[in-house]
Every structure is written in C-alpha cells, then in structure tokens.
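K.L.:
Before anything else, here's the structure in question.
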Amino acid sequence: MPRLLIVDDEKDVREFAANFFRKRKIDVTTASSGEEALALLQNEKPDLIMLDIKMEGMDGIETLRRVKLLDKDMKVIMVTGKKPEEENCGGKCAEYGCLDYINKPLELDELEDVVLKHLMN
C-alpha cells in the first residue's frame with residue numbers, strides 16, 4: 001500500500017485530503033507543522049510528501065530543505081495558495097527538489113492526478 005504524508009497547518013485541509021486518499025487505498029499520515037513532519041520522518045518513510053508552503057512556524061520551503069537533507073530522494077509535492085513565481089517560491093522549491101505543485105483551494109481532479117502520478121512512479 002502506498003504511503004503518503006500530508007503536512008498542512010490547516011486541520012480541515014489536512015483531514016479533507018487524508019480522507020480523500022484513504023478512500024483510494026493509500027496509507028495516509030498527517031502532520032500539522034514542518035517540525036512535526038520532520039519528527040515523523042525519523043521513524044517513517046512515506047513514498048510521497050504533500051507539503052503546504054505557507055505554515056506557521058517553519059514554512060514549507062524550509063521544511064522541504066530539511067527533508068531533503070534527511071533523504072535527498074524523498075518525493076515532495078508542494079501545496080500553495082500562491083503562484084510559483086510569487087516571492088520566488090517556485091524557484092526555491094525547485095532548487096530544493098520538489099516534484100510538482102498543487103494549488104489551493106484543492107480541486108479533487110488536480111489533487112488526484114498530481115499525487116497519484118508521483119505516488120505510483
């Protein structure tokens with residue numbers, strides 16, 4: 001069973017996405033912050049991380065950088081309400097090795113297409 005880690009500081013977004021993927025037979029773990037995600041990664045190795053960029057405390061870009069220091073091959077998709085060119089957020093994410101972007105508000109078709117494409121490869 002594929003394993004997905006969803007990291008988002010918005011509980012409703014986290015739960016919505018987790019339930020959506022659990023219905024598709026994906027083993028989902030959630031974290032409410034970058035710090036929590038990094039702690040989880042000490043013991044778990046998901047096949048893919050879905051990581052929100054804008055979070056309280058450690059943002060998604062810093063979390064991505066630290067995830068890649070732990071495991072340079074970890075597959076990470078960034079979730080954003082911003083356009084990738086805003087504040088050079090896309091450049092930094094690409095530099096640190098993110099695979100793709102999903103835009104908020106989450107659209108089920110895009111969510112499913114992007115996540116399953118990277119999860120199954």
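All of the numbers you see were taken from the coordinates with simple rules; none came from a lab. Since the model is a prediction, treat every value here as computed from it, not as a measurement. Cβ atoms come from the backbone with ideal geometry, glycine included; neighbour counts cover every protein chain shown.
K.L.:
Only one residue in Phe16, Phe20 is in contact (Cβ under 8 Å) with a residue 40 or more places away in the chain, out of contact with any helix residue (DSSP H, G or I) (no Cβ under 8 Å at 6 or more places or on another chain) and surrounded by 14 or more Cβ atoms within 10 Å (Cβ to Cβ), so which one is that?
P.N.:
Checking each option against the conditions leaves just Phe16.
K.L.:
Quick one: is Lys25 among the basic types (Lys, Arg), on the phi > 0 side of the Ramachandran plot and either free of Cβ contacts under 8 Å to residues at least 60 places away in the same chain or part of a helix (DSSP H, G or I) (or both)?
P.N.:
Yes, satisfied.
K.L.:
Now for a different question. Mind listing just one residue for me: the one in the stretch 54-79 that is buried (at least 16 other Cβ atoms within 10 Å of the Cβ) and in a loop (DSSP other than H, G, I, E, B) and, of those, nearest to the chain's Cα centre (by Cα)?
P.N.:
So the residue we want is Lys75.
K.L.:
Could you please find all residues in the stretch 28-53 being assigned to a loop (DSSP other than H, G, I, E, B) and under 20 Å from Asn103 (Cβ atoms)?
P.N.:
Passing the criteria: only Ile53.
K.L.:
Quick one: would you say Ile61 is closer than 15 Å to Ile102 by Cα, in contact (Cβ under 8 Å) with a residue 24 or more places away in the chain and touching a strand residue (DSSP E or B) at 6+ places or on another chain (Cβ under 6 Å)?
P.N.:
Criteria not met by Ile61.
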